[in-house]
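Have a look at the structure below before the remarks.
The values are calculated or read from the model by the stated rules, or taken from the named source; none is laboratory data. What you are looking at is a predicted structure, and each value in this text was computed from that prediction instead of being measured. Every residue, glycine as well, gets a Cβ built from its backbone with ideal geometry; the counts of neighbours run over all protein chains shown. All accessible areas refer to the heavy atoms of the entire protein, side chains included, with ligands and DNA or RNA removed. Shrake-Rupley method; radii C 1.70, N 1.55, O 1.52, S 1.80 Å.
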Amino acid sequence: MKKITQFENQKVLVLGLARSGEAAARLLSQLGAIVTVNDSKPFDENPMAQSLLEEGIKVICGHHPLELLDENFALMIKNPGIRYDNPMVKKALEKGLPVLTEVELAYLISEAPIIGITGSNGKTTTTTMIANVLNAAGKHALLSGNIGFPASEVAKTATEEDSLVMELSSFQLMGVQKFHPRMAVITNLMPTHIDYHGSFEDYVAAKWHIQDQMTINDYLILNANQELSETLSQKTQATVVFFSTQKKVDGAYLENGFLCFRGEKIMEASHLGVPGSHNIENALATIAVAKLSGISNSIIAATLGVFGGVKHRLQKLGSINGVLFYNDSKSTNILATQKALSGFDNSKVILIAGGLDRGNEFDELVDDIKGLKQMIIIGESAPRVKKAALKAGVPYCIASDVKEATIRAFDLADEGDVVLLSPANASWDMYPNFEVRGDEFISTFETLKGAQHD
C-alpha cells in the first residue's frame with residue numbers, strides 16, 4: 001500500500017456503509033483521517049457500525065442529519081447506491097465538498113496497476129475472464145470493485161507485482177477525480193439505470209469517467225459493434241483498441257469462426273467454455289487485454305476454453321441424464337435473456353422465466369422465444385410473460401417458485417435438452433435478490449442430481 005499523507009488529520013464523512021463504506025472508513029482511519037460514519041440503518045441493527053465504533057470510529061446511525069455537514073469536513077466518501085439528489089449529498093456539493101466513492105481511495109493507495117472494466121452488460125463475466133487469463137499466465141490478478149470485493153480493501157494488500165482487475169459501475173465512476181487505470185474496457189452501453197442518472201447521455205457520461213486521466217500510454221478497449229464507441233473514441237487521450245463480432249478491426253474480432261487479434265487466430269469461437277454471442281464479445285474484450293499484456297495465445301485459448309461462467313450469469317451447473325442446466329438468474333431484464341437464448345438451439349431449451357412485475361409487456365422477447373420446447377413461468381409477471389409465450393406459439397405452464405419450475409423442467413426434458421433459468425425479470429416479488437433465486441435453482445439441481453444416484 002502506498003504511504004499517502006493527504007488524509008492525515010482531515011475530517012472525512014463516510015455516507016452509507018455496506019461493504020465498500022466499511023472498507024473506506026477503516027482505510028481512512030488507518031491513513032490518519034478523523035472519520036465519521038453516517039448510515040441510515042439503526043445502530044442496534046447495524047453490526048458494521050457497531051464494529052467500527054469498537055475501533056474508535058465515530059458513527060451516527062438511523063438517519064442522515066443535515067446539520068452534521070456543519071462540521072468542517074474536508075470531503076465525503078459516498079456509498080455508490082446513494083443518489084446525488086439525496087439531501088446530504090446535495091448539501092455537501094453546495095458547500096463545495098468533494099464527493100468521492102471508495103474506488104478513488106483504492107487508486108490513491110494502490111501499488112498495483114489497475115485494469116478497469118465497466119459497461120451495461122457483461123462486466124462481471126469480462127472481469128472474471130480477464131483475471132483468470134492473467135492468473136493463468138502467472139500475473140497474479142486480484143478481483144475487486146463492483147464484483148463484490150471492496151476495491152480499497154483489496155488495494156491495501158496489492159503490490160506492484162499484482163494487477164487490480166476492477167469491475168466498476170456508473171455509480172462508482174461518478175465519484176472519481178484522479179482515478180487512472182492502465183487499461184480500461186467498456187463492454188457496451190445500453191439505456192440502463194436511467195432512473196438514477198436521468199438520461200442515457202448522463203449515464204454514458206458517468207461511464208466515460210473511467211478514461212478521464214488516461215494518456216496515450218494507456219489502452220482503452222471499446223466495442224466496435226456500437227456506433228457510439230466510434231464517436232467516443234475520438235474524445236479520449238488513451239490509445240483505443242477495438243473489439244467486434246461484426247467486422248475486422250484493429251484489435252480483437254470474430255472472423256470465420258475464429259477469435260482473432262490483429263491477424264492472429266487465437267481460438268475457435270465454438271471452443272469457448274460459455275455459450276452466447278454476448279460471451280463472444282466478452283471473450284474478445286478479454287483477448288484484447290491479454291494480448292496487450294503479452295500473454296500467449298495458448299494460455300488465452302486454454303483458459304477461455306474451460307471458463308464455466310460466473311455464478312448466476314449463464315453459469316453451467318452440469319448435467320443430469322444428459323440434460324444440461326444453466327443458471328442465469330442475473331438476467332433481470334429482457335435484453336439479458338435475449339443474449340442468453342442466443343447461445344442455444346431453442347428447440348432443445350426449457351426456459352424458466354418471470355418475476356417482479358414492473359408493468360412492462362414482453363413483446364420484445366417474442367421472436368427470441370419462438371421454437372422453445374417449453375416455458376415454465378413464475379412470479380408476478382406471469383400473466384404478461386404468458387402473453388408473450390402465446391404470441392410465440394410456445395407451450396407453457398405456471399409454477400409457484402423456482403424449485404417447482406426446475407423439477408417440472410427436468411420432468412419434461414429429454415437427453416440433449418437444456419434447462420435454462422433466465423427470468424427476464426427482477427426477483428423481488430419472491431426472493432430477496434437474484435442470488436437467492438439462483439441459489440434455489442442450484443440447490444434443486446443438486447437434489448435432482450443426487451436422487452438419480454440413490
What number of residues in the stretch 176-196 are over 20 Å from I334 (Cβ atoms) and modelled with pLDDT under 95? 0
Of all residues in the stretch 160-196, which are open to solvent by less than 30 Å² (accessible area, probe 1.4 Å), touching a residue at least 60 places away in the same chain (Cβ under 8 Å) and in contact with a Phe, Trp or Tyr (Cβ under 7 Å, 6 or more places away or on another chain)? F179, M183
Taking N72 as meeting all but one of (1) at pLDDT below 95; (2) of a type in the set (S, T, N, Q); (3) more than 26 Å from S169 (Cβ to Cβ); (4) touching a Gly at 6+ places or on another chain (Cβ under 7 Å), write down the number of the exception. (4)
Of (1) over 23 Å from V323 (Cα atoms); (2) buried (at least 20 other Cβ atoms within 10 Å of the Cβ); (3) in contact with a Leu (Cβ under 7 Å, 6 or more places away or on another chain), V418 satisfies every one except (1)
What pairs come out if I take residues in the stretch 352-369 that are at pLDDT 95 or above and open to solvent by 40 Å² or more (accessible area, probe 1.4 Å) and pair them with residues that are in a loop (DSSP other than H, G, I, E, B) and not aliphatic (A, V, I, L, M) whose C-beta lies under 9 Å away, six or more apart or interchain? D368/S342
Residue, modelled with the lowest pLDDT, within the stretch 93-127, restricted to residues that are in contact with a Lys or Arg (Cβ under 9 Å, 6 or more places away or on another chain) and under 16 Å from T303 (Cβ atoms): T125
Name the residues in the stretch 33-63 that are in contact with a strand residue (DSSP E or B) (Cβ under 9 Å, 6 or more places away or on another chain), part of a helix (DSSP H, G or I) and surrounded by 13 or more Cβ atoms within 10 Å (Cβ to Cβ), would you? F43, M48, A49, Q50, L52, L53
For the stretch 265-286, give me the residue count where each residue is at pLDDT below 95 and more than 12 Å from L304 (Cα to Cα). 3
Of the numbered conditions (1) within 16 Å of the chain's Cα centre (by Cα); (2) without any contact (Cβ under 8 Å) to a residue 24 or more places away in the chain, S199 fails exactly one; give the number of that condition. (1)
Looking only at helices (runs of 4 or more DSSP H) that fall completely inside the stretch 65-157, which ones have 3 or more residues that are open to solvent by less than 60 Å² (accessible area, probe 1.4 Å) and of a type in the set (V, I, T)? 123-136
Checked the stretch 393-413 for anything among the small types (G, A, S) and surrounded by fewer than 15 Cβ atoms within 10 Å (Cβ to Cβ); matches are G393, S400
Can you run down the residue pairs with Cβ atoms below 6 Å, 6 or more apart or on separate chains, where the first is in the stretch 433-454 and within 15 Å of S319 (Cβ to Cβ) and the partner is part of a helix (DSSP H, G or I) and at pLDDT 95 or above? F441/V402; F441/T406; T444/K403; T444/T406; L448/F410
With the requirement that a residue be open to solvent by 20 Å² or more (accessible area, probe 1.4 Å), within 16 Å of L272 (Cα to Cα), outside any strand (DSSP E or B) and not aliphatic (A, V, I, L, M), what does the stretch 304-350 give you? G305, G308, G309, K339, S342, G343, F344
Picking from K91, K78, which residue would you name as being in contact with a strand residue (DSSP E or B) (Cβ under 8 Å, 6 or more places away or on another chain) and among the basic types (K, R)? K78
Give just the number: which of (1) under 20 Å from A184 (Cα atoms); (2) open to solvent by less than 30 Å² (accessible area, probe 1.4 Å) does G276 not satisfy? (1)
Could you grab me the full set of residues in the stretch 229-260 that are assigned to a helix (DSSP H, G or I) and among the small types (G, A, S)? S229, S233
Looking across the stretch 407-429 at residues that are polar (S, T, N, Q) and touching an Asp or Glu at 6+ places or on another chain (Cβ under 8 Å), the single one that is farthest from Q374 (Cα to Cα) is N425
So how many residues does the stretch 206-225 have that are more than 14 Å from Q172 (Cβ to Cβ) and of a type in the set (A, V, I, L, M, F, W, C)? 6
Consider T215 carefully, then state whether it is assigned to a loop (DSSP other than H, G, I, E, B), touching a Phe, Trp or Tyr at 6+ places or on another chain (Cβ under 9 Å) and among the hydroxyl-bearing types (S, T, Y). no
